[in-house]
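One structure is given below, encoded as structure tokens.
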Amino acid sequence: MEKFSEQYPIWFCDVWGVIHNGFISHDAATQALIQHRNAGGIVVLVTNSPRTSKGVARQLAEIAVPNECYDAIVTSGDVTQTLMTSHARGKVYHLGPTRDLSIFEGTSVERVSLQHANAVLCTGLVNDEVETPDDYGQILEHAKALNLEMICANPDKVVRKGDKLLYCAGALAEKYSAMGGSVLMAGKPYAPIYELAYKLATDQAKLEVPKYRILAIGDGPETDIKGAADFGCDVVLIASGVTDASKGLQAAEALVQRLVPQARIRKTLDHLAWD
């Protein structure tokens, strides 16, 4: 990654699947980010976490991700707060686990029943260790009957936690959309989260940096890779996350390139590391 540090002063780095696996941090990855910052580079963590940036910072500290490895954090939760105010007019039915309640911090948005909500705020499955989207058919049918818009705080459909793949809010949003429900997406691959990351990074750099000189690092083809490509950034694919690398790195890269033909994949790694 050293040569990329010279070519790309700003790195947008995914979090889950790149710098930790849900349980422990990946030391080689965090050290690579620290090395880039030591060389004068800027690192913005860009994550589809439904928590706010402050909530994610607390979570990262709990699993020993050093704060020296990043300059700023931008989350899907940050963007969601804006949508909660503008589209839900301050009243939402929260569909998700209690660990995501930090998304309400600093807002006047109320959690109410479906009957009194102006929108459904989906941050994930209530118990993603055992549930699947099929367990939510009844509640989604009820929301659809009430003609409620769903604000999806995390467009990811699955995430790897340890050696398991768990469903995320994006899977519920996909199911709701297939039922005819209206869905608003807050995070990757959509532009608002990248625009916020770009503003934070260029403010930190105190100069305008062309998007083609920003390197995005991530593991999710439909989110990290597509979002970065659409925004105009080159990418490094981390194949140890949700991408199928069972046939090797070259095959994994070819698979992602077919899925996201506009992506400029500069390198595919099993894990992020400086060397």
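Couple of notes before you dig in:
- Ala191 paired with Glu105, simple spin-label distance in nm, labels 7 Å along Cα-to-beta-carbon: 3.1 nm
- Build a GNM of the chain with springs between Cα atoms under 10 Å apart, and of Ala191, Ala117, Ala61 the one that fluctuates most is Ala61.
- Using the Cβ of Ala143 as centre and a radius below 13 Å, the other residues enclosed give a net charge of 0, where K and R count +1 and D and E count -1.
- Charge-dipole axis of the chain as Lys and Arg at +1 and Asp and Glu at -1 on Cβ define it, positive-most pick from Tyr190, Val126, Pro66: Tyr190
- Between the stretch 138-171 and the stretch 1-66, the alpha-carbon center distance in angstrom: 25 Å
- Of all DSSP beta bridges in the stretch 79-185, antiparallel share, percent nearest 5: 25 percent
- The chain, relative contact order [Cα under 8 Å, separation at least 6], %: 21 percent
- Exposed GluC sites (Glu not before Pro) absent: longest stretch of the chain, with sites in DSSP loops and at most 11 other Cβ within 10 Å deemed exposed: 1-128
- A Förster radius of 45 Å combined with the Cβ-Cβ distance from Asn67 to His142 puts the calculated FRET efficiency at roughly 0.60.
- Helix 169-178 vs. the chain, principal-axis angle (Cα, 0 to 90°, nearest 10): 50 degrees
- Largest mean-square fluctuation among Tyr212, Tyr190, Tyr93, in a Gaussian network model of the chain whose springs join Cα atoms under 10 Å apart, belongs to Tyr212.
- With the charge dipole of the stretch 79-185 set up from +1 on Lys and Arg Cβ and -1 on Asp and Glu Cβ about the Cα centre, the Cα lying farthest toward the positive end among the listed residues Ser108, Ile139, Thr98 is that of Ser108.
- Ellipticity estimate at 222 nm from DSSP helix runs (n ≥ 4, -39,500 (n - 2.57)) divided over the chain, nearest 500: -9500 deg cm²/dmol
- Only Lys, Arg, Asp and Glu carry charge here, each on its Cβ (+1 for the first two, -1 for the last two); on that basis the stretch 227-274 has a dipole of about 100 debye about its Cα centre.
- Gaussian network model of the chain, Cα within-10 Å springs - most flexible of Asp203, Asp128, Asp244: Asp203
- Cα shape, the stretch 79-185, gyration tensor, a/c 1.5 rule: oblate
- Computed from the Cβ-Cβ distance with R0 of 22 Å, the FRET efficiency linking Leu259 to Glu208 stands at 0.10.
- Each Lys and Arg adds +1 at its Cβ and each Asp and Glu adds -1 at its Cβ; summed about the Cα centre, the stretch 90-185 shows a dipole of about 120 debye.
Values in this text are rule-based calculations from the coordinates and carry no lab data. What you are looking at is a predicted structure, and each value in this text was computed from that prediction instead of being measured. Because the Cβ atoms are built from the backbone with ideal geometry, glycine has one as well, and the counts that use them run over all protein chains shown.
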